[in-house]
Amino acid sequence: MTKPTVEERRTFLKSVGALGLTVALPRFGSAADATILKVIPSTGERLPAIGMGSWITFNVRNETARDVRVEVLKEFFARGGSLVDSSPMYGRSEQVIGYCLERLGTDSLFSATKVWIFGKNFGIGQMNSSQDLWGVDRFDLMQIHNMLDWQKHLRTLEEWKGQGRIRYIGITTSHGRRHRQMERVIAEQDAFDFVQFTYNIADREAEQRLLPMAAEHGKAVIINRPFRGGGLFRSVQGKPLPDWASEIGCENWAQFFLKFVVSHPAVTCAIPATSRVDHMQENIGALYGRLPDPDTRERMARYYERV
């Protein structure tokens, strides 16, 4: 497949922009049961808009804790989830994911991890180790974590993609850091299919430049920290959802926060992390039904600011 030019991507983005880069496929015959899918601009492949992160939550040692994560991941896949994101930075998380996948299978998995080390050869070793830990034949997405030594790793990733060892190339940052560097990468480096950074209803800096630039240059966007590390829940503890939240299919604050994020036209997937099945059920509920339109998004932001 020939990779689209920037101009072709802009034309594509404009053509689907009115839909927020979303495609909803009916599962049980009603709009409320539609799965929200988002387009990966570089290929047109569609990806479920709610993924799963593993920072802290999958960094566990004992078998009982690992078996709980099996149930979390089982629920995620059963409800239509696909993208699972990790990193060598996350302690034992990759090993625990491999433990889970060995018991559940990988048929619906979109595997996404990262390289996080200095040096080309060390990076190759780390990525090979990640593949062994996950137990996958290849990764769908390999990202350069926090832009660490990214020029060296990018050359390796381009080679691996050409060899079919990975499908997509990405680069990440978080906590509002390195935005200027990320902007330059988005504008100048066509090789990256995905970019990942922080965005949520309280941290909206990315709306100013990063999200519009990602859309213009045809980058899929993964959003980390959609709950602000749990801080959003603490800020609304004991506060009710607005009455009109049901109009966009939100039954709880998790769905309210996630639908705000993934309804941005440039966002492809949000990756909340959890260690609990009940919280996974709440999170994955945001994968269904209506997405808020621009006016509703602003209404959501104003309501959050007041509570």
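The values are calculated or read from the model by the stated rules, or taken from the named source; none is laboratory data. Values in this document were obtained by computation on a predicted structure and should not be read as measured data. Please note: Cβ atoms are built from the backbone with ideal geometry, for glycine as well, and neighbour counts cover all protein chains shown. Each accessible area value is taken on the protein alone, full model and side chains, heavy atoms only, with ligands, DNA and RNA left out. Shrake-Rupley method; radii C 1.70, N 1.55, O 1.52, S 1.80 Å.
When +1 charges are put on Lys and Arg Cβ atoms and -1 charges on Asp and Glu Cβ atoms, the dipole computed for the range 149-276 relative to its Cα centre reaches about 460 debye. For the range 195-266, trypsin sites (Lys or Arg not before Pro) are listed when DSSP marks them as loop and at most 13 other Cβ atoms sit within 10 Å of their Cβ; the list is Arg204.
Across the range 195-256, how large is the tail of the calculated P(r) beyond 17 Å, expressed as a percent of all Cα pairs? Taking all Cα-Cα pairs of the range 195-256, the fraction more than 17 Å apart is 52 percent. Dimensions of the range 217-289 from C-alpha coordinates, computed as largest minus smallest value along each principal axis and given longest first, are 41, 28, 22 Å. Considering only beta bridges that DSSP places wholly inside the chain, some 25 percent are antiparallel. The mean sequence separation of alpha-carbon pairs under 8 Å and at least six residues apart, normalised by the residue count of the chain, gives a relative contact order of 22 percent. Taking Cα centre as origin and charging only the Cβ of basic (Lys, Arg, +1) and acidic (Asp, Glu, -1) residues, the dipole magnitude of the range 221-307 rounds to 320 debye. Stokes-Einstein diffusion for the range 163-307 at 20 °C, viscosity 1.002 mPa s, with a Kirkwood radius from C-alpha pairs, works out to 134 µm²/s. Just list whichever of Lys114/Lys219; Lys38/Lys239; Lys38/Lys219; Lys161/Lys259; Lys120/Lys161 have alpha carbons separated by over 23 Å in the model shown. Long pairs (Cα-Cα over 23 Å): Lys38/Lys239; Lys161/Lys259. Look at the dipole of the chain built from charges on Cβ: of Gln189, Asn62, Met142, the Cα furthest out on the positive end belongs to Gln189. Springs join every pair of Cα atoms under 10 Å in this Gaussian network model of the chain, and among Asp243, Asp67, Asp203 the largest mean-square fluctuation is at Asp243.
Helical runs (DSSP H, four residues minimum) scored at -39500 (n - 2.57) apiece and divided by the length of the chain put the mean residue ellipticity at 222 nm at -12000 deg cm²/dmol.
Using Cβ point charges alone (K and R +1, D and E -1), the dipole size of the chain about the Cα centre works out to roughly 540 debye.
Summing +1 for each Lys or Arg and -1 for each Asp or Glu among the other residues whose beta-carbon sits under 15 angstrom from that of Asn128 gives 0.
Computed from the alpha carbon atoms alone, the convex hull of the range 73-154 holds 85 Å³ per residue.
Percent of Cα pairs in the range 36-89 per distance bin of 10 Å, from zero to the largest separation: 21, 43, 26, 8, 0. Estimated at the nearest 10 Å², the accessible area of Met89 is 80 Å² with a 1.4 Å probe.
Surface analysis of the chain yields an accessible area of 44 Å² per residue, using protein heavy atoms and a 1.4 Å probe. Computed over the alpha-carbon pairs of the chain, the distance histogram in 20 Å steps reads 35, 60, 5 percent, short to long. Across the range 131-230, the convex hull enclosing all Cα atoms gives 106 Å³ per residue.
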